[in-house]
1. Hey, can you tell me all the residues within the range 262-271 that are under 27 Å from the mean Cα position of the chain (by Cα) and crowded, with 18+ Cβ neighbours inside 10 Å?
2. Take ASP132 and decide whether it is of a type outside the set (A, V, I, L, M) and touching a residue at least 24 places away in the same chain (Cβ under 8 Å).
3. Which ones in the range 198-217 are in a loop (DSSP other than H, G, I, E, B), open to solvent by less than 50 Å² (accessible area, probe 1.4 Å) and away from the ligand (no atom under 11 Å from the Cβ)?
4. Here are some conditions: (1) open to solvent by 20 Å² or more (accessible area, probe 1.4 Å); (2) away from the ligand (no atom under 16 Å from the Cβ); (3) part of a loop (DSSP other than H, G, I, E, B). VAL250 meets all but one. Which one does it not meet?
5. For the range 62-120, name all the residues that are among the polar types (S, T, N, Q), in a helix (DSSP H, G or I) and either surrounded by fewer than 17 Cβ atoms within 10 Å (Cβ to Cβ) or within 16 Å of the ligand (Cβ to nearest atom) (or both).
Amino acid sequence: MKKSLALGILIGIVAVIAVFIFVTRYSLLVTKPTSDTRLQAAATINPLADIVSQIGGEYVNVTTILPPGASPHTFEPAPEQISSAQNVKLFFAIGHGLDSWLKPIVDSVPNSLTVTVDRNIQLRDLPLDQRDVDQPNQTVDPHYWLTVANAKIISQNIADALTQADSIHKDAYAANLSSYLAKLDQLDKDIKAQLSSLSKHELITHHNAWGYFSDAYGLKVVGTFEVSPGKEPTPQQIADLQSKVKQYSVTTIFSEPQLSDQSLKPFVQDLNLKIAVLDPEGGINNMGYIDLMRYNAKTIADALK
Ligand SMILES: [Zn+2]
């Protein structure tokens, strides 16, 4: 009798524990955030998507619209890019002509909001000889994400937009912002140290993406191979570049993975130059913003030391 009572109590305890475990695990499962509860966001280019994901953390799902290896200057969205954006609530864009192909995508998504991340950014005018003759209204250089100081402003703008769209998680966005800003400060110090004692400072680049970077880190873009990205230079432009190579004793031309180097190669061979690859987008090796900036700084430092 005593034995069966003890056994009964034991079975009872085990049953209570089992029910308890089942209930807690089940409730954990149902309250765990799923991809459906996260704020759905998209960014036009990879560096911007990475910064959104750094600030958004676990509460934001962000996709990149520009496919890896594509140039934002020549991209046109395909139907699958438009259809895959249909659940997006917040679109993040650079603006100033870089990603105007976002408009047909946004227009197809009702109740979405577009945030251009340029607020408080000191925009730079394109030098006259680096303006695209086919786009006479394009007078502002849109490549402003390529300095760390501007990435800090962009991060703040992204945090503000996420907080406005999803105020429940504003503390998490503020905490993520402050830890990311600290990483960017370190990055800026490292790049300044790396580029402060180069023997040369002049760059000839594939297209005009590196003006902000050069202004911030004591370099100068003296020539651009393709003034209109994706279009071959004219014989006059080639002759101008050849004289700049001689004038500044240039040894390296900075190419980019998003643009074809078909017409660059004979130019480089004729003048016995080297090619180094800079990457403004970071889509190919799936580099985040910080790794991308470190990669570009190292590439320039190695070529100009
Ligand atoms: Zn560009």
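1. Within the range 262-271, just LEU264 meets the criteria.
2. It is true that ASP132 is of a type outside the set (A, V, I, L, M) and touching a residue at least 24 places away in the same chain (Cβ under 8 Å).
3. Listed by number, the list holds a single entry, LEU198.
4. Of (1) open to solvent by 20 Å² or more (accessible area, probe 1.4 Å); (2) away from the ligand (no atom under 16 Å from the Cβ); (3) part of a loop (DSSP other than H, G, I, E, B), only one is false for VAL250: (1).
5. SER83
Yes or no, residue by residue, for (1) within 27 Å of ALA149 (Cβ to Cβ); (2) modelled with pLDDT of 95 or more:
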residue: LYS220; (1), (2): yes, yes
residue: THR224; (1), (2): yes, no
residue: SER228; (1), (2): no, no
residue: PRO235; (1), (2): no, no
residue: ASP240; (1), (2): no, no
residue: VAL268; (1), (2): no, no
residue: ALA297; (1), (2): yes, yes
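The values are calculated or read from the model by the stated rules, or taken from the named source; none is laboratory data. In this text the structure is predicted, and so the values were computed from the model without any measurement. No Cβ is skipped: glycine too gets one built from the backbone with ideal geometry, and neighbour counts run over all protein chains shown. To get the accessible areas, we keep the full protein, side chains included, count just its heavy atoms, and leave off ligands, DNA and RNA. Shrake-Rupley method; radii C 1.70, N 1.55, O 1.52, S 1.80 Å.
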